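Heads up, the thing below is written out as structure tokens.
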Amino acid sequence: MKAMKKWTLWIVVAVVAAVVAGWAGWRYVTSEYSGEPRWVYLPAGIDRAAVKDSLQAALGDFGSKVYNVYDRVAPDSVVARGAYRISSGERAKDVAARLFHRRQTPVNVTFHNIRTMDQLAARVGDQLELSAPQFLAACDSVLPAAGFRRPEYIAAFFPDTYEFYWTVTPEDAVERLLSYRNRFWNDDRRARAAALGLNPVKVATVASIAEEETLSRTERATVARLYINRLRKGMKLQADPTVKFAVGDFGLRRITAAHLRTESPYNTYIHAGLPPGPIRMAERATVEATLESRPHDYLYMCAKEDFSGTHNFATDYATHSRNAARYRRALDRRGIR
């Protein structure tokens, strides 16, 4: 009888121990993150020790719990990769499952005020796992087949914020960005471009010059139409922003005769027609404004002498000369050489 009681007691103890252990284990795997949202980045080629270090560095003790759960369920051949945003209230087992199944958090990729492809590649490379050279190589792989020459590459993109997985391949990134641009260029917009005697890349080129030419968004359509007028008349564009691009100094405040002599296909004081491609990544709004620009007879423009960033427009050279003389005097007064 005593032996029976002893075995019963041991069974009860074992059951209780198992329940306590199970409860403790459940508490451990369902521990919730209580800190501020944090990102964990796990690049290609990372080993499991580095995964553990990354989780601990970003999430502290909770990160250790996540790794311990992940380490128990993930085979040795599986190594987590990707970008994961961990929010307050998430449980260790759920975060571990995300790592195991690579259910990443999409990241926002933003770029604005881009003048060159090198700038774009650097901006994208800073926000995704890919590198700037990989992005440029992908452009060389994808864009020519889509009809773009290298000087036109920047017309394949619009400045904006886009959602990607951090581990997206360079080719997929370029193709997706191009698809957003192509959606904008529907049949209606292509028809409006053709009515202006332009194609989408040429519209983007005109729009890029207009953006560089004026600080006023309300002026951009007027400026764009002025350059279209010049193109139609066979006049050189003589656009100062193209000279700045040719010189490689976007901060120039006064264009001199020496600048105007710079030999470059982008110098529209020397070469007739449009430059080989856009001189910046034009915004959708500016491209749309170019397509919707109202006809006018302006052929000349000069920055206003009040340095407001807006312009005096003229239909004849005599009026333009007077406008330009006032602006030059204003530059002299300010000592801008």
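Is at least one residue of the stretch 154-162 of a type in the set (D, E, K, R) and in the same structural domain as Leu291 (by TED's automatic domain parsing)?
Within the stretch 154-162, the first condition is being of a type in the set (D, E, K, R), and the residues that meet it are 160.
Now restrict to residues that are in the same structural domain as Leu291 (by TED's automatic domain parsing): none.
No, the stretch 154-162 contains no residue that is of a type in the set (D, E, K, R) and in the same structural domain as Leu291 (by TED's automatic domain parsing).
Report whether or not Tyr298 is part of a loop (DSSP other than H, G, I, E, B), free of Cβ contacts under 8 Å to residues at least 60 places away in the same chain, surrounded by 17 or more Cβ atoms within 10 Å (Cβ to Cβ) and over 27 Å from the mean Cα position of the chain (by Cα). Lay out the reasoning, then the answer.
Numbers: part of a loop (DSSP other than H, G, I, E, B): yes; free of Cβ contacts under 8 Å to residues at least 60 places away in the same chain: no; surrounded by 17 or more Cβ atoms within 10 Å (Cβ to Cβ): yes; over 27 Å from the mean Cα position of the chain (by Cα): yes.
Spelling it out, it is not the case that Tyr298 is part of a loop (DSSP other than H, G, I, E, B), free of Cβ contacts under 8 Å to residues at least 60 places away in the same chain, surrounded by 17 or more Cβ atoms within 10 Å (Cβ to Cβ) and over 27 Å from the mean Cα position of the chain (by Cα).
Give me the residue from the stretch 119-154 that is under 13 Å from the mean Cα position of the chain (by Cα) and closer than 19 Å to Glu211 by Cβ and, out of that set, surrounded by the most Cβ atoms within 10 Å (Cβ to Cβ).
Within the stretch 119-154, the first condition is being under 13 Å from the mean Cα position of the chain (by Cα), and the residues that meet it are 119-128, 132, 135, 154.
Among the residues that remain, those that are also closer than 19 Å to Glu211 by Cβ are: 119-120, 123, 154.
Details: Gln119: 16, Leu120: 23, Arg123: 19, Ile154: 25.
Filtering first and then ranking leaves Ile154.
Might you check whether a residue that is under 30 Å from Ala121 (Cβ atoms) and touching a Phe, Trp or Tyr at 6+ places or on another chain (Cβ under 7 Å) occurs anywhere in the stretch 284-297?
yes
Looking only at residues in the stretch 237-271 that are in contact with a helix residue (DSSP H, G or I) (Cβ under 6 Å, 6 or more places away or on another chain) and polar (S, T, N, Q), which one is surrounded by the fewest Cβ atoms within 10 Å (Cβ to Cβ)?
Looking at the filtered set, the residue picked out is Ser264.
Which of the residues spanning the stretch 177-202 are among the hydrophobic types (A, V, I, L, M, F, W, C) and either within 18 Å of Leu143 (Cα to Cα) or at pLDDT below 95 (or both)? I'd like the intermediate steps shown before the answer.
Going through the stretch 177-202, the residues among the hydrophobic types (A, V, I, L, M, F, W, C) turn out to be 177-178, 184-185, 191, 193-196, 198, 201.
Within the stretch 177-202, Leu177, Leu178, Phe184, Trp185, Val201 qualify.
Do any residues in the stretch 116-141 that are among the charged types (D, E, K, R) have Cβ atoms under 6 Å from those of residues that are crowded, with 16+ Cβ neighbours inside 10 Å, where the two are at least six apart or on different chains, and which pairs are they?
Going by the 6 Å Cβ cut-off, the qualifying pairs are Arg123/Phe111; Glu129/Trp166; Glu129/Thr167.
For residues that are part of a helix (DSSP H, G or I) and of a type in the set (Gly, Ala, Ser), scanning just the stretch 221-236, find the one that is surrounded by the most Cβ atoms within 10 Å (Cβ to Cβ). I'd like the intermediate steps shown before the answer.
Looking only at the stretch 221-236, we keep the residues that are part of a helix (DSSP H, G or I), and these are 221-233.
Checking which are of a type in the set (Gly, Ala, Ser) leaves us with 221, 224.
Numbers: Ala221: 20, Ala224: 28.
Applying the filter and picking the extreme gives Ala224.
The values are calculated or read from the model by the stated rules, or taken from the named source; none is laboratory data. Keep in mind that what you see is a predicted model, and the values were worked out from it rather than measured. Counting neighbours? That spans all protein chains shown, and the Cβs are built from the backbone with ideal geometry, glycine included.
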